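The block underneath contains the structure these notes are about, expressed in structure tokens.
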Amino acid sequence: TACAATRFCCWGLASSHHGSWWISISIPRRSRMSCTSRWRERGARYPCPQCGTLCPAHDFTEKRWRHLNFFQHHCYITASVPRVKCPEHGVHLVEVPWARKGSAFTLLFEQAALALVREMPVLAAARLMDITDTRLWRIVRYYVDQAVERFDLRAVRAIVLDETVCKRGHPYVTVFIDMARRKEPVLLVTPGRGKDTLRQFAALLSEHGGEPGQILEVVCDMSPAFLQGVSEHLPNATITVDWFHIVQVFTRSVDDVRKLEGKEKPLPNHLRWALLKRGELEHLTTNQLLALAEITAQGLDTATAWRIKAKLAWVRKARTPRAARWRITHFLNWAGALVGDTPGLEPVRKALATLKNHIDRVVQRWTSTYTNARLEGFNGLFQAARARARGYRNTATFIAMIYLIGSPAGSILKSKKRRRTSSPSAHPYSRQRRCSRSPPWPVAESRETLRPATAPPAPNPARRPGAADVAG
């Protein structure tokens, strides 16, 4: 059992063609594990961080990084990192492969931190890892910025955009996603929900290898600001209004009619959710069916609005764009005659006018293969993260969390790890992958054989283990 007095030491080797050192690992009495470099090779040369030229070491600076916990103990890596003296760029600190420049944490620690932040609030993850939430937010923002800088938008052709609320008081952020990407499709998250968001997206395309003219289709709602922004900044894009937004407009109109009529006369119980749900019998309870039957028998305006909304299901079943246009036209004529000049049905009259103005963009839905459903699902994930955190203190933190959930920011460390391990000799601190049979002492470049006094002797394969070996 590990107790406060337990101490042990093991050897590890980090070597390359340019330098190597001996590492000692120990657990002191204060329940902190430390890993300290004990040996450096004389005459080794290290690459300049600016140009990569091999240069002699100017001096060595002791650095420490927080690593993943060793059982219940905090683990720290302490190493004497060389500073090289480049004839062209001067004195610079060599970068280590296990941590990024300027960070006090190893890459594995930051990768674990990002994995926890995606599943729980940042404050809870910071308490679990025993660091402050400010330092954890700094890690999140760094990798979010790195992921955004590495975006390649040359192949983007179809996008979906929609707004989502970020806090109370109705401040919004607009989210853009790429419909061609199966995973991590978020391209841009920007504050606001006006046409300026389209200008920022067009600028993002130009900065990352694309151009605004390459966007051929945009799926969005019927917001005048979005429609005007697409026409100004994405000139070749065809706008598709998803059927979900049409149903949403008519559902809100039915609820508005119910509220207006409820101020004049009492309405039956269980009516609200009976109107908001689908009209099929399997989606309604017995009390909701009775409420609908009662308002229909009384001939209330709410019943008329509900009949118009239920007719949308017939329009949605059209199989071709031509059939869809015919059904929408028939629906508008039938609903317009049913509404007439009734003052209580003014919200439904506005909804019909909205559908009539956007009929071409709605029919485009039958020729397009994209819908707004995917972004609505992501909005549910974003709002669930906001609910777990009990809200975020500002819009920037919520934007960072959206990038972490829906963009490649969460997997940027994995790609870095694969890129580093693909070339073992690319860095003097990188560990060679095929080193299972390498000796447990540093290999020098010079002809002299350097071997620490504490290194264990080489094993003899012909010798069988004896009783002393088994006892040890």
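The values are calculated or read from the model by the stated rules, or taken from the named source; none is laboratory data. All of these numbers come straight from a predicted model, not from anything done at the bench. So basically every Cβ, Gly included, is an ideal-geometry build from the backbone, and we count neighbours across all protein chains shown. Note: areas computed on protein heavy atoms with side chains; ligands, DNA, RNA excluded. Shrake-Rupley method; radii C 1.70, N 1.55, O 1.52, S 1.80 Å.
Tabulated values for the structure
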item: Cβ pairs under 9 Å, 6+ apart, first in segment 253-264 and without any contact (Cβ under 8 Å) to a residue 24 or more places away in the chain and more than 13 Å from Leu345 (Cβ to Cβ), second of a type in the set (Val, Ile, Thr) and open to solvent by less than 70 Å² (accessible area, probe 1.4 Å); result: Gly262/Thr302
item: Answer residue from segment 272-301, given it is under 19 Å from Ala313 (Cβ atoms) and touching a His at 6+ places or on another chain (Cβ under 7 Å) and is most open to solvent (accessible area, probe 1.4 Å) among those; result: Lys277
item: Of residues in segment 194-204 being modelled with pLDDT of 90 or more and touching a strand residue (DSSP E or B) at 6+ places or on another chain (Cβ under 9 Å), the one surrounded by the most Cβ atoms within 10 Å (Cβ to Cβ); result: Leu198
item: Some residue of segment 330-348 being open to solvent by less than 60 Å² (accessible area, probe 1.4 Å), over 26 Å from Asp256 (Cβ atoms) and out of contact with any helix residue (DSSP H, G or I) (no Cβ under 7 Å at 6 or more places or on another chain); result: no
item: Qualifying residue in segment 212-234 (condition: touching a Ser or Thr at 6+ places or on another chain (Cβ under 9 Å), assigned to a helix (DSSP H, G or I), under 20 Å from Ala396 (Cβ atoms) and touching a residue at least 24 places away in the same chain (Cβ under 8 Å)); result: no
item: Considering residues of segment 73-105 that are assigned to a strand (DSSP E or B) and of a type in the set (S, T, N, Q) only, the residue farthest from Gln50 (Cα to Cα); result: Thr78
item: Lone qualifier among Arg30, Arg64 - being modelled with pLDDT under 85 and surrounded by fewer than 15 Cβ atoms within 10 Å (Cβ to Cβ); result: Arg30
item: Condition check for Cys55: in contact (Cβ under 8 Å) with a residue 12 or more places away in the chain, at negative phi and not in a strand (DSSP E or B); result: no
item: Leu153 vs. criteria touching a residue at least 12 places away in the same chain (Cβ under 8 Å) and either part of a helix (DSSP H, G or I) or on the phi > 0 side of the Ramachandran plot (or both); result: no
item: Residue selected from segment 123-143 under the condition β-branched (Val, Ile, Thr) and open to solvent by 10 Å² or more (accessible area, probe 1.4 Å), by the criterion nearest to Val186 (Cα to Cα); result: Thr134
item: Given (1) closer than 29 Å to Val173 by Cα; (2) modelled with pLDDT of 95 or more, number of the condition Thr329 does not satisfy; result: (1)
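The rows are residues; the columns are (1) at pLDDT 95 or above; (2) surrounded by 17 or more Cβ atoms within 10 Å (Cβ to Cβ); (3) under 22 Å from Asp152 (Cα atoms); (4) out of contact with any strand residue (DSSP E or B) (no Cβ under 9 Å at 6 or more places or on another chain).
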| site | (1), (2), (3), (4) |
| --- | --- |
| His170 | no, no, no, yes |
| Val173 | no, yes, no, no |
| Asp178 | no, yes, yes, no |
| Arg181 | no, no, yes, no |
| Leu188 | no, yes, yes, no |
